[in-house]
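Before any comments, here is the structure.
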Amino acid sequence: MPEYLETTVDKFIFRVATDRLYASDGVWAFWVESQGNGQVRIGLTDYLQQLNGDVAFVHVKPVGTKLAVEDEFAELETIKATVSLFSPVSGTVVAVNPDLDLSPEIINHEPYGKGWLAVIEATNWQSDGAKLLDPQAYLSAMRSQAEEELKKQ
Amino acid sequence: MSRTATYHTTVRWKGKHWGHLVMGNGPEMDFSAPPDAQGHAGVFTPEDAYVAAANTCVMMMFIWATERFKLKLLSYECRTEGTKLIELDRTEVFTRLHFRPVIRVAADGDTPAVVEARVRRALQSAQKYSLVANSVKSEIVVEPEIVIEQ
């Protein structure tokens with residue numbers, strides 16, 4: 001179980017897991033060290049799932065798809081929006097979460113756990129990972145994004 | 001994402017226990033209280049309006065949800081009952097809204113279990129995202145009957 005940083009914006013509480021890195025658009029990357037070959041599990045943040053609402057479907061690019069950084073790797077269909085998700089790392093999709101077909105709501109319930117989206121065999125993790133945000137930096141960026149959303153009212 | 005919108009209605013007293021209602025979206029009608037509250041039978045009442053507001057809002061949100069959840073909806077009918085509590089001090093409050101939707105959907109190539117699970121998720125989302133259901137303080141109970149047509 002990861003530990004979390006937490007911030008409250010308006011009446012909403014957002015959590016950021018401390019054991020991974022983040023793209024500023026709300027996709028996290030967790031290096032699966034135990035597999036030793038640069039595999040990175042990716043998913044979306046608590047903020048991004050709350051912002052977009054209940055997930056109806058998620059379409060992740062199939063195993064074997066080659067991705068560059070910022071390539072679209074998944075499309076999320078929620079009750080309120082359809083959202084493209086972009087890869088924070090370059091590499092090849094080697095696994096897609098099999099539970100998403102029948103239970104996509106796990107993305108809402110456990111965005112940092114059972115709601116993971118895909119595993120990427122990273123081709124350049126050292127370089128790609130260095131460009132990502134650490135949890136504290138992402139927390140600050142996400143908080144700014146949330147406050148910007150609030151100003152739209 | 002937080003934005004505001006306003007909606008309005010206007011009421012005018014017509015004498016005795018009668019009023020006239022003009023809704024912001026166009027319709028207008030006479031209204032009264034229900035017969036058990038010294039009003040009249042056969043006309044719109046605040047009690048009906050409260051229950052109808054929740055019932056219609058949840059239905060419209062469910063229709064939207066079926067589209068987002070890619071369900072082939074064949075029919076939807078929902079009787080909703082509001083329970084009024086008269087307090088010791090004679091104030092009154094709606095304590096509960098009980099929705100009993102009967103929903104028919106086509107299996108459309110999926111197994112009944114998969115479709116039913118999706119219908120239940122769509123219903124949960126409909127309640128969660130319904131403006132009116134989200135605004136009331138009454139307890140909300142949803143007891144669906146779901147029929148999957150092969």
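Quick check: net charge around residue A:61, other residues with Cβ under 14 Å of its Cβ, Lys/Arg +1 and Asp/Glu -1? With Lys, Arg at +1 and Asp, Glu at -1, the net is -4. Helix B:112-129 versus the longest principal axis of chain B: what is the Cα-based angle in degrees, 0 to 90, to the nearest 10? Tilt relative to chain B: about 30 degrees.
Residue by residue, what Karplus-based ³J(HN,Hα) values in Hz, rounded to whole numbers, does region B:98-104 have, using 6.51, -1.76 and 1.60 with θ = phi - 60° and x for Gly and Pro? So the Karplus estimates, Gly and Pro as x, are 10, 8, 10, x, 10, 10, 10 Hz. Extension gain, residue B:137 to residue B:21: 0.36 nm times the residue separation minus the Cα-Cα distance gives 39.3 nm. Give the angle, between 0 and 90 degrees and rounded to the nearest 10, that separates the Cα long axis of helix B:46-68 from the longest principal axis of the Cα atoms of chain B. It is inclined by approximately 20 degrees.
Within the set of other residues whose C-beta is less than 15 Å from the C-beta of residue B:113, count the net charge using Lys and Arg as +1 and Asp and Glu as -1.
-2
Separation of the alpha carbons by more than 28 angstrom is noted, of B:16/B:137; A:151/B:128; A:66/A:131; B:72/B:128; A:66/A:152; A:152/B:72, for B:16/B:137; A:66/A:152; A:152/B:72.
Of the peptides A:49-57, B:14-22, how do they stack up when ordered by the mean number of other Cβ atoms within 10 Å, highest first?
Values: A:49-57: 20.9, B:14-22: 13.1.
Those peptides, ordered most packed to least, come out A:49-57, B:14-22.
The value of relative contact order for chain B, using C-alpha pairs under 8 Å at least six residues apart, is 20 percent. Averaging over all projection directions, the Cα-based convex hull of the protein assembly as shown occupies 20.4 nm² in the image plane.
Averaged per residue, the protein assembly as shown has 56 square angstrom of accessible surface, using a 1.4 angstrom probe with ligands and nucleic acids left out.
With the convex hull of the Cα atoms taken as the outline of chain A, the averaged projected area works out to 8.6 nm². Taking a straight line from the alpha carbon of residue A:114, these aspartates and glutamates sit under 19 Å away, with near neighbours fewer than eight places off in the same chain left out: A:3, A:19, A:33, A:46, A:54, A:75, A:77, A:99, A:101, A:105. Around the Cα centre of region A:57-131, unit charges on the Cβ atoms of Lys, Arg, Asp and Glu (plus for the first two, minus for the last two) sum to a dipole of about 120 debye.
Out of every Cα-Cα pair in region A:97-153, what percent are more than 19 Å apart? The share of Cα pairs beyond 19 Å in region A:97-153 comes to 58 percent.
Computed over the Cα atoms of chain B, what is the convex hull's projected area averaged over all directions, in nm²?
Working: hull surface 46.0 nm².
Averaged projected hull area, Cα only: 11.5 nm².
For the A and B pair, go ahead and give the buried accessible area with a 1.4 Å probe, both sides summed, in Å² to 100. Protein heavy atoms only, the A-B interface buries about 1600 Å². 3J(HN,Hα) along region A:145-152, derived from phi through the Karplus expression 6.51 cos²θ - 1.76 cosθ + 1.60 where θ = phi - 60°, amounts to 4, 5, 5, 4, 4, 5, 5, 6 Hz, with x in place of Gly and Pro. Sequence-ordered 3J(HN,Hα) estimates for region A:23-30 from the Karplus curve with 6.51, -1.76 and 1.60 and θ = phi - 60° stand at 8, 5, 7, x, 10, 9, 9, 10 Hz, glycine and proline given as x.
Of the accessible area of region B:1-107, with the probe set at 1.4 angstrom, what percent is carbon plus sulfur?
Numbers: 4040 of 7030 Å².
Ligands and nucleic acids excluded, carbon and sulfur give 57 percent.
Between the C-alpha center of region A:3-62 and that of region A:71-128 there is a gap of 9 Å.
Would you mind getting me the FRET efficiency between residue B:10 and residue A:71? Use the beta-carbon distance for r and R0 = 35 Å, nearest 0.05. Provide the component values of the computation, followed by the final result.
Numbers: r = 55 Å, r/R0 = 1.56.
Working from the Cβ atoms, E equals 0.05.
Computed about its Cα centre, the charge dipole of region B:78-120 is approximately 80 debye, with only Lys, Arg, Asp and Glu carrying charge at their Cβ. Distances between placed amide hydrogens fall under 5 Å for residue A:69 paired with A:90, all partners being 5 or more residues away or on another chain. Amide H to amide H distances under 5 Å link residue A:9 with A:14, where only residues 5 or more positions off or on other chains count and H is placed in the peptide plane.
The values are calculated or read from the model by the stated rules, or taken from the named source; none is laboratory data. Note that the structure is a prediction, hence the values are computed from the model and not measured. With ideal geometry, Cβ positions are generated from the backbone for all residues, glycine too; neighbour counts draw on all protein chains shown. We work out accessible area using only protein heavy atoms, side chains counted, and drop any ligands, DNA or RNA first. Shrake-Rupley method; radii C 1.70, N 1.55, O 1.52, S 1.80 Å.
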